[in-house]
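Working notes, beginning with the structure itself.
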Amino acid sequence: MEIKEALKELNLYRKASKRMKYIKQQIAELDDKKYSIGGGSQNLGVQGGQVCIDEKIAVLVDKINTYRQDLVDLDLYCLGIQQDLERKIYKLHEPYCSVLRGYYVESKTLEMLAVEHNYTFDGVKSIKYRGVKLYAKLPPLFDKFYYENNEKI
């Protein structure tokens, strides 16, 4: 595997977790909007024996439900990717294992890793770069077909 492909594979989890944060933020904003319109947990009113729901609230609820389903799907995807990446990263020796895991799985910054491991910033960058080179020598998690069809995360 080339370094470029290794970086793509390593960044899958980071991209997916950023997407999860975005979706959670969207859900919170839509919930706030729904409550501000007056749609608490249920905004049901009975008129002439029929249940009517405000159209604006119905649209918001549909969007929220769509986002929640996306969040569930993405959460399962993240869990699988995280386990696969960790399994593969643990095949590397220290300090490469802990730096790659911290950066790509735990989403820590290089500065945080430098402080945590008592390295200089340049030292952590070097370890990360060498770790990615070693990671690239391991068999890929997925085939090229997977990468070509899952770029949109």
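On a per residue basis, segment 61-122 carries 60 Å² of accessible surface, using protein heavy atoms and a 1.4 Å probe. In this structure, the amide hydrogen of Lys108, modeled 1.01 Å from its nitrogen in the peptide plane, lies closer than 5 angstrom to those of Tyr103, counting only residues at least 5 positions away or on a different chain.
Extension gain, Leu71 to Ile37: 0.36 nm times the residue separation minus the Cα-Cα distance gives 9.8 nm. By the scheme Lys and Arg +1, Asp and Glu -1, what is the net charge of all other residues having a beta-carbon under 14 Å from that of Thr120? Net charge in that neighbourhood comes out at -1.
Counting only lysines at least 8 places from Lys18 when in the same chain, those with an alpha carbon closer than 19 Å to its own are Lys8, Lys108, Lys152. Determine, from the Cβ-Cβ distance of Tyr129 and Gln25 and an R0 of 25 Å, the FRET efficiency 1/(1 + (r/R0)^6), rounded to the nearest 0.05. Computed FRET efficiency for Tyr129 and Gln25: 0.20. For segment 78-118 versus segment 7-38, the spacing of their alpha-carbon centroids is 23 Å. Shown is the FRET efficiency for Met1 and Asn118, computed with R0 = 35 Å from the Cβ-Cβ distance and rounded to the nearest 0.05: 0.65.
The values are calculated or read from the model by the stated rules, or taken from the named source; none is laboratory data. Keep in mind that this is a model prediction, so the values were computed, not measured. Heads up, the Cβs are rebuilt from the backbone with ideal geometry, glycines too, and the neighbour counts pull from every protein chain shown. SASA here: full protein model, heavy atoms, side chains in, ligands and nucleic acids out. Shrake-Rupley method; radii C 1.70, N 1.55, O 1.52, S 1.80 Å.
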